[in-house]
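*Asks:* What follows is a single structure, and I will ask about it in a moment.
The values are calculated or read from the model by the stated rules, or taken from the named source; none is laboratory data. Note that this is a predicted model, so its numbers are computed, not measured. When we count neighbours, we look across all protein chains shown, and the Cβ atoms used for this are built from the backbone with ideal geometry, even at glycine.
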Amino acid sequence: MTSYQTPASDASSPVPTPAAGTRLDPWIGAYADRTHGMRASEIRALFAVANRPEVVSLAGGMPYLEGLPLDALAETARDVIAQRGTVAMQYGSGQGDQTLREQILEVMRLEGIEAHPDDVVVTTGSQQALDLVTRLFINPGDVVLAEAPSYVGALGVFRAYQADVQHAPLDEHGLIPEAFEESLVRLTGEGRRVKLLYVVPNFHNPAGVTLSLERRPRILEIARRYGVLVLEDNPYGLLGFEGEPLPALRSMDEDGVIYLGSFSKTFAPGYRVGWAVAPHAVREKLVIASESAILCPSNASQLAISTYLATHDWRGQIKNYRELYRERRDAMVSSLAEHLPDATWTVPDGGFYTWVRLPEGLDAQAMLPRAVTARVAYVPGTAFYADGSGADHMRLSFCFPTPERIREGVRRLAGVIAGERELVEIFGTVPEAEDRVVDSPGPDLA
Amino acid sequence: MSRPSVLVLAGGLSHERDVSLRSGRRVAEALRSAGLEVTVHDVDNDLLPALSQVKPSIVWPLLHGASGEDGSVRDILELVGQPYVGADPRASRVAWSKPIAKTVVGRAGIATPRFVTLPQSLFRELGASLVLESIAANLGLPLVVKPARGGSALGVTVVREASALPRAMVDAYAYGETAIIEQALTGTELAVSVVDLGDGPVALPAVEVVPREGPYDYDARYVPGRVEYFAPARLTADVAARVADVALGVHTSLGLRHLSRTDVILDDDGVPQFIDINTAPGMTETSLLPQAAQAAGYELGELYRAIVTGALRA
């Protein structure tokens, strides 16, 4: 019996028409070089499950928004359109709304930054500012120094501009000045041009640590000496659980630092409003680059945030967030102590994340499918390195799940680790696959 | 007959959730374009209430992996008397397990690469290095290590050196307690889809898969560009017919219904070797069954509608 059917062109011949191959993408030969590195990996697929309610996701970096005064915010949004609709719905300034820029100064003053409204460029989330700065400074092959580990979303931007990302280690007090300088000595010795130091000084993503007050001026001094521009990314600075915020790097050096700020974590990410503060000449170029990228940031979003800042107790809201996240941090840390005695982790004084080092020989990326089967998700450490290292770490977020869910998630994770450990006992510590795709999760996880 | 309504089941909690959602969207779109009334539903707490509320003529499970392919969702559909597209629970269970499917298909006289099935516990009992050495010595290299259950190449590694076996085992066990190690064949990779529109199973033209760089892994499967597809495959009529017969033999020997996709490697001696069977084959933009259907001259919406009406008639 042969039921092979060929209803294609020539019905008289049983031989199928010889086909030209297709790669299902007629433009495959047309992509820019920088596009070739973009891949989908198993990891990304596994994250699709993380959004299901059955799964405790310790992966996402999403703020917990249920505490927001949503009814009042709805009023605000309505008023913006009803009363200032012709402005809100219109194009606006490429640099951003003047009033909002003044209000941003007030926010930044909490971390010691004194600036002029003209120094501020409003962007579509600070992620866009990151993109613009990279676009302005990075030629393919230029070196960006980032902490080890570093924010996955920044690594994605640097990669897109074909930067060579090199890492300098951090410890519980943040980036280590001596190691930073050693990296510069080595790289400049190799004739490399290091253009940017990318640093998340407060409640680091993913490491959870904060750059100590004592180290801040030292890092700036070294950067100055080697002619390296510092890119200070500070979305979490106001979310400290104890005491007052530390002074921003920008507050110590106006000329050598580009500062990135954001409302995504201190208010909400939905309006996509962030900003950059840059030295005068850089700021001029940022505005031009931003105009060519997006013409202008959304007026509707800016006016909504501006009205929120003017009419709501935004400081009170930040205080609420701090208390909420502190309770969750406590739940995370106590659950880790209870369930993962053989692992080590950072105890963050603010922000969203703790950085867990797995017991010897375990690989967080290899273990992720097992975790998904056990209904718990995290981001493997490899996502936070440009060079594929970090397999022995994972980032756990405590921002979104409730304390009960966090405890349940860590309990599940303990079972996953026990299962993986059994494998390691059987097979020994096995080397990583060489062609492992280092992948970034989607935006709700970054 | 009034216009049938279809409830497409997509999502689920398996590792292949993402692929399933994409398959579900594509099939729903195609069925709608063919004039059918379609709802898409995830497998969750609301599913059973939705079934009794929507009362679809038929359910099309486009669930890949776990409960979607192991027969358990189909058990429930049987229980509530809901007609559905695809294999019944028993056949699904057999097909879902690679070692069992290979054994059944092998008994039907179809060639399949030599393999061993390895529960994780076995290594603990016998010692990993001894077992792996013995496997490498007896099956020879290269080898393919796969989870015993699952699709989309998740957890699959091609091993060219014995030293890479432990890593491959660890990666496969991350997806389940049992793995298989199979001889890796060189040859032409083919996927042959079988559809039954109510008049018995028919093989669609084979699709030839030529990875341009690296393995045919998850990325290669779902992102256009890394793989070149030939549909129909570049085969002589004679070979194409033999390959089609293998797919039909697999479909029949496993007792499958309505549609399936058989992955075959045409080895260097021209023998079609059975590699894998999919009872809920992928239906995404880059998937193989839709490509085969188009190569056969089908408009997808029309084909999917014919599958639905065929399934309702049976």
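*Asks:* Given (1) under 19 Å from residue A:267 (Cβ atoms); (2) in contact (Cβ under 8 Å) with a residue 24 or more places away in the chain; (3) of a type in the set (A, V, I, L, M, F, W, C), where does residue A:133 come up short, assuming only one miss?
*Replies:* (1)
*Asks:* Same structure again: Filtering the range A:225-239 down to residues that are buried (at least 21 other Cβ atoms within 10 Å of the Cβ) and of a type outside the set (A, V, I, L, M, F, W, C), which residue is farthest from residue A:328 (Cα to Cα)?
*Replies:* A:232
*Asks:* Hey, among B:130, B:122, which residue is free of Cβ contacts under 8 Å to residues at least 40 places away in the same chain, more than 8 Å from chain A (Cβ to nearest Cβ), under 26 Å from residue B:95 (Cβ atoms) and surrounded by fewer than 18 Cβ atoms within 10 Å (Cβ to Cβ)?
*Replies:* Values: B:130 fails: under 26 Å from residue B:95 (Cβ atoms).
Just a single option satisfies the conditions, and that option is B:122.
*Asks:* Listed residues A:92, A:125, A:141; which is on the phi < 0 side of the Ramachandran plot and either of a type outside the set (A, V, I, L, M) or in contact with a strand residue (DSSP E or B) (Cβ under 9 Å, 6 or more places away or on another chain) (or both)?
*Replies:* Details: A:125 fails: on the phi < 0 side of the Ramachandran plot; A:141 fails: on the phi < 0 side of the Ramachandran plot.
Only one candidate passes the filter, namely A:92.
*Asks:* Inspect all residues belonging to the range A:273-282 and state whether any of them is over 25 Å from residue A:294 (Cβ atoms) and out of contact with any Cys (no Cβ under 9 Å at 6 or more places or on another chain). Don't jump to the end; show me each part of the working.
*Replies:* Restricting attention to the range A:273-282, the residues satisfying the condition of being over 25 Å from residue A:294 (Cβ atoms) are none.
Among the residues of the range A:273-282, not one is over 25 Å from residue A:294 (Cβ atoms) and out of contact with any Cys (no Cβ under 9 Å at 6 or more places or on another chain), which makes the answer no.
*Asks:* OK, next. Could you please let me know if residue B:8 is of a type in the set (Val, Ile, Thr), crowded, with 23+ Cβ neighbours inside 10 Å and in a strand (DSSP E or B)?
*Replies:* Numbers: of a type in the set (Val, Ile, Thr): yes; crowded, with 23+ Cβ neighbours inside 10 Å: yes; in a strand (DSSP E or B): yes.
Yes: the conditions hold for residue B:8.
*Asks:* Every residue in the range A:236-281 that is among the β-branched types (Val, Ile, Thr) and over 23 Å from residue A:298 (Cβ atoms), please. I'd like the intermediate steps shown before the answer.
*Replies:* We begin by selecting, within the range A:236-281, every residue among the β-branched types (Val, Ile, Thr); these are A:257-258, A:266, A:273, A:277.
Matches in the range A:236-281: A:257 only.
*Asks:* I need a count of the residues in the range B:238-261 that are more than 17 Å from the chain's Cα centre (by Cα), surrounded by fewer than 24 Cβ atoms within 10 Å (Cβ to Cβ) and of a type in the set (Gly, Ala, Ser). It would help to see each step written out before you state the result.
*Replies:* Narrowing the range B:238-261 to residues more than 17 Å from the chain's Cα centre (by Cα): B:238-242, B:245.
Those still in the list that are surrounded by fewer than 24 Cβ atoms within 10 Å (Cβ to Cβ) too: B:238-239, B:241-242, B:245.
With of a type in the set (Gly, Ala, Ser) added as a condition, the list becomes B:241.
Residues that pass the stated criteria total 1.
*Asks:* Kindly indicate whether any position in the range B:149-156 is touching a helix residue (DSSP H, G or I) at 6+ places or on another chain (Cβ under 7 Å), farther than 19 Å from residue B:19 by Cα and not assigned by TED's automatic domain parsing to the domain that holds residue B:216. Before you say what the answer is, go through the steps one by one.
*Replies:* Taking the range B:149-156 and keeping what is touching a helix residue (DSSP H, G or I) at 6+ places or on another chain (Cβ under 7 Å), we get B:149, B:152-155.
Adding the requirement that they be farther than 19 Å from residue B:19 by Cα leaves none.
Checked the range B:149-156: no residue is touching a helix residue (DSSP H, G or I) at 6+ places or on another chain (Cβ under 7 Å), farther than 19 Å from residue B:19 by Cα and not assigned by TED's automatic domain parsing to the domain that holds residue B:216.
*Asks:* Considering only residues that are surrounded by fewer than 20 Cβ atoms within 10 Å (Cβ to Cβ) and among the aliphatic types (A, V, I, L, M), which ones fall in the range A:269-281?
*Replies:* Residue satisfying the conditions is A:281 alone.
*Asks:* Continuing with the same structure: Residues in the range B:157-165: is at least one within 23 Å of residue B:289 (Cβ to Cβ) and of a type outside the set (A, V, I, L, M)? Quick ask: steps written out before the conclusion?
*Replies:* Looking only at the range B:157-165, we keep the residues that are within 23 Å of residue B:289 (Cβ to Cβ), and these are none.
No, because not a single residue in the range B:157-165 is within 23 Å of residue B:289 (Cβ to Cβ) and of a type outside the set (A, V, I, L, M).
*Asks:* What is the one condition in (1) buried (at least 21 other Cβ atoms within 10 Å of the Cβ); (2) in a helix (DSSP H, G or I); (3) more than 7 Å from chain A (Cβ to nearest Cβ) that residue B:264 does not satisfy?
*Replies:* (2)
*Asks:* Being within 23 Å of residue A:419 (Cα to Cα) and in a helix (DSSP H, G or I): is that true of residue B:124 here?
*Replies:* Numbers: within 23 Å of residue A:419 (Cα to Cα): yes; in a helix (DSSP H, G or I): yes.
It is true that residue B:124 is within 23 Å of residue A:419 (Cα to Cα) and in a helix (DSSP H, G or I).
*Asks:* Here are some conditions: (1) hydrophobic (A, V, I, L, M, F, W, C); (2) closer than 30 Å to residue A:243 by Cα; (3) surrounded by fewer than 20 Cβ atoms within 10 Å (Cβ to Cβ); (4) in contact with a helix residue (DSSP H, G or I) (Cβ under 7 Å, 6 or more places away or on another chain). Residue A:300 meets all but one. Which one does it not meet?
*Replies:* (2)
*Asks:* On to the next question. Which of the residues spanning the range A:266-287 are aliphatic (A, V, I, L, M) and either closer than 24 Å to residue A:352 by Cβ or in contact (Cβ under 8 Å) with a residue 60 or more places away in the chain (or both)?
*Replies:* Passing the criteria: A:268, A:273, A:276, A:277, A:278, A:282, A:286, A:287.
*Asks:* A further question on this structure: Just one of (1) out of contact with any Lys or Arg (no Cβ under 9 Å at 6 or more places or on another chain); (2) surrounded by fewer than 22 Cβ atoms within 10 Å (Cβ to Cβ); (3) within 14 Å of residue B:191 (Cα to Cα); (4) within 7 Å of chain A (Cβ to nearest Cβ) trips up residue B:231, so point out which.
*Replies:* (2)
*Asks:* Follow-up question, since we're still on this one. With the structure loaded, tell me whether residue A:362 is within 14 Å of another protein chain (Cβ to nearest Cβ) and either more than 18 Å from residue A:153 (Cα to Cα) or at pLDDT below 95 (or both) or whether it fails that test. Don't jump to the end; show me each part of the working.
*Replies:* On the way: within 14 Å of another protein chain (Cβ to nearest Cβ): yes; either more than 18 Å from residue A:153 (Cα to Cα) or at pLDDT below 95 (or both): yes.
In short, yes.
Each row is one residue, and each column tells you yes or no for (1) away from chain A (no Cβ under 12 Å); (2) out of contact with any strand residue (DSSP E or B) (no Cβ under 8 Å at 6 or more places or on another chain).
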site	(1), (2)
B:161	no, yes
B:168	no, no
B:183	yes, no
B:186	yes, no
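*Asks:* Continuing with the same structure: Filter the range B:200-218 down to residues that are touching a helix residue (DSSP H, G or I) at 6+ places or on another chain (Cβ under 8 Å) and at pLDDT below 75 and give me whichever is farthest from the other protein chains (Cβ to nearest Cβ).
*Replies:* Per the stated criteria, the residue is B:214.
*Asks:* How about the range A:248-263: which of its residues are surrounded by 21 or more Cβ atoms within 10 Å (Cβ to Cβ) and assigned to a loop (DSSP other than H, G, I, E, B)? Before you say what the answer is, go through the steps one by one.
*Replies:* In the first step, residues of the range A:248-263 are kept if they are surrounded by 21 or more Cβ atoms within 10 Å (Cβ to Cβ); the result is A:248-250, A:257-263.
Those that are surrounded by 21 or more Cβ atoms within 10 Å (Cβ to Cβ) and assigned to a loop (DSSP other than H, G, I, E, B): A:248, A:263.
*Asks:* Also, quick follow-up: Quick check on the range B:150-185: of everything there that is hydroxyl-bearing (Ser, Thr, Tyr) and closer than 22 Å to residue B:93 by Cβ, which residue is surrounded by the fewest Cβ atoms within 10 Å (Cβ to Cβ)?
*Replies:* B:178
*Asks:* Residue B:36: surrounded by 19 or more Cβ atoms within 10 Å (Cβ to Cβ) and either assigned by TED's automatic domain parsing to the domain that holds residue B:279 or more than 22 Å from residue B:299 (Cα to Cα) (or both), yes or no? Before the answer, list the steps.
*Replies:* Details: surrounded by 19 or more Cβ atoms within 10 Å (Cβ to Cβ): yes; either assigned by TED's automatic domain parsing to the domain that holds residue B:279 or more than 22 Å from residue B:299 (Cα to Cα) (or both): no.
No: the conditions fail for residue B:36.
*Asks:* Just to check your reading of the model, which residue among B:234, B:261, B:212, B:226 is within 29 Å of residue B:60 (Cα to Cα) and of a type outside the set (Phe, Trp, Tyr)? Steps first, please.
*Replies:* Working: B:234 fails: within 29 Å of residue B:60 (Cα to Cα); B:212 fails: within 29 Å of residue B:60 (Cα to Cα); B:226 fails: within 29 Å of residue B:60 (Cα to Cα).
When all the criteria are applied, what remains is B:261.
*Asks:* Now for a separate question. Sort out which residues of the range B:267-288 are away from chain A (no Cβ under 14 Å), not β-branched (Val, Ile, Thr) and not in a loop (DSSP other than H, G, I, E, B), and write them in order of number.
*Replies:* Those that are away from chain A (no Cβ under 14 Å), not β-branched (Val, Ile, Thr) and not in a loop (DSSP other than H, G, I, E, B): B:267, B:273, B:274, B:276, B:278.
*Asks:* Please state which of the following conditions residue B:191 fails to meet, knowing it meets all the rest: (1) touching a strand residue (DSSP E or B) at 6+ places or on another chain (Cβ under 8 Å); (2) at the interface with chain A (Cβ under 9 Å from one of its Cβ atoms).
*Replies:* Among (1) touching a strand residue (DSSP E or B) at 6+ places or on another chain (Cβ under 8 Å); (2) at the interface with chain A (Cβ under 9 Å from one of its Cβ atoms), residue B:191 violates only (2).
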